[in-house]
Amino acid sequence: MRKLPLSKLQKGLITACALIICISIYLIERPLTKDDLIEQVETAFKQQDSSVLSKVLTSSNQKLQIDETNTKALMSYLQENPEYAQSILTVLQEQSRYYDEQDSVSANDATSAEKIEGFLTLKKEDHLILPDTYSIEIEPVYLTVCTNAEDAVIKINGEKVTETTKKSCEKKVGPLLPGEYTVEAATKGQGTKIKKTETVVLWNSDEEITIDLVSEDVGLQTNTDKK
């Protein structure tokens with residue numbers, strides 16, 4: 001049986017219904033404004049609440065796991081270095097003002113200010129009909145662990161992440177959230193077992209740590225040292 005084409009009225013009703021459904025979903029699950037997001041980050045910092053922070057942060061790296069447990073490494077470091085927490089909030093507020101200015105000037109205005117980049121980045125997603133949405137993204141970091149033992153188990157904050165082999169005594173671990181980590185390397189072969197630990201801060205760049213499982217020396221080498 002041949003179907004009759006939809007009339008303009010029917011098409012209009014379908015479009016209107018679809019629009020109403022989209023708006024209803026948006027109102028029910030309304031995303032936080034940029035000011036709300038920044039306020040939640042500030043609250044999480046003040047209360048040392050890893051749970052709140054883990055729900056606010058996002059990442060373009062799909063492999064980065066952001067949960068309450070993983071966020072504790074970041075929160076612990078910020079608790080010991082409150083000046084960094086304040087700096088992060090200041091940059092987020094500057095990024096918010098940048099978007100406010102962009103909304104009030106022409107896109108072709110050469111005098112428009114440049115966006116300030118920071119440890120956390122306030123991202124804006126433009127929408128045609130619905131209001132624009134915002135998110136706060138964090139960039140992951142990676143840690144390369146080097147040892148001189150062929151069969152060593154590598155743990156980070158007490159959790160096994162990898163182990164070396166006869167072919168490679170260098171392992172790249174990540175993606176990780178920035179923060180302070182305890183790295184442990186231990187031989188797993190027969191005979192006398194050697195275990196060494198070192199604390200490393202992963203912040204704005206990837207780091208490389210070298211753990212000597214033969215001598216008594218444990219050394220940390222960063223990207224800055226290699227320049």
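Looking at Ser59, Ser51, can you tell me which residue is under 15 Å from the mean Cα position of the chain (by Cα), surrounded by 17 or more Cβ atoms within 10 Å (Cβ to Cβ) and under 29 Å from Thr199 (Cβ atoms)? Result: Ser59 is the single residue among Ser59, Ser51 that is under 15 Å from the mean Cα position of the chain (by Cα), surrounded by 17 or more Cβ atoms within 10 Å (Cβ to Cβ) and under 29 Å from Thr199 (Cβ atoms).
May I ask you to list the residues in region 137-173 that are in contact (Cβ under 8 Å) with a residue 40 or more places away in the chain and either under 18 Å from Asp212 (Cβ atoms) or in a strand (DSSP E or B) (or both)? Those that are in contact (Cβ under 8 Å) with a residue 40 or more places away in the chain and either under 18 Å from Asp212 (Cβ atoms) or in a strand (DSSP E or B) (or both): Glu137, Ile138, Val141, Tyr142, Leu143, Thr144, Val145, Cys146, Thr147, Asn148, Ala149, Ala152.
Summed over region 78-126, the residues that are modelled with pLDDT of 80 or more and among the charged types (D, E, K, R) give a count of 10.
Of all the criteria given as (1) surrounded by fewer than 17 Cβ atoms within 10 Å (Cβ to Cβ); (2) in contact (Cβ under 8 Å) with a residue 40 or more places away in the chain, the one not satisfied by Tyr181 is (1). Among residues of region 131-158 being farther than 30 Å from Ala185 by Cβ and surrounded by 16 or more Cβ atoms within 10 Å (Cβ to Cβ), the one that is modelled with the lowest pLDDT is Thr133.
Highlighted here are the strands (runs of 3 or more DSSP E) found entirely within region 174-225 that include at least 1 residues which are at pLDDT 80 or above: 179-187, 195-202, 207-211.
Within region 161-173, restricting attention to residues that are surrounded by fewer than 14 Cβ atoms within 10 Å (Cβ to Cβ) and over 21 Å from the mean Cα position of the chain (by Cα), the residue that is modelled with the lowest pLDDT is Lys167.
The values are calculated or read from the model by the stated rules, or taken from the named source; none is laboratory data. Only a predicted model underlies this, so the values are computations on that prediction, with no experimental measurement involved. No Cβ is skipped: glycine too gets one built from the backbone with ideal geometry, and neighbour counts run over all protein chains shown.
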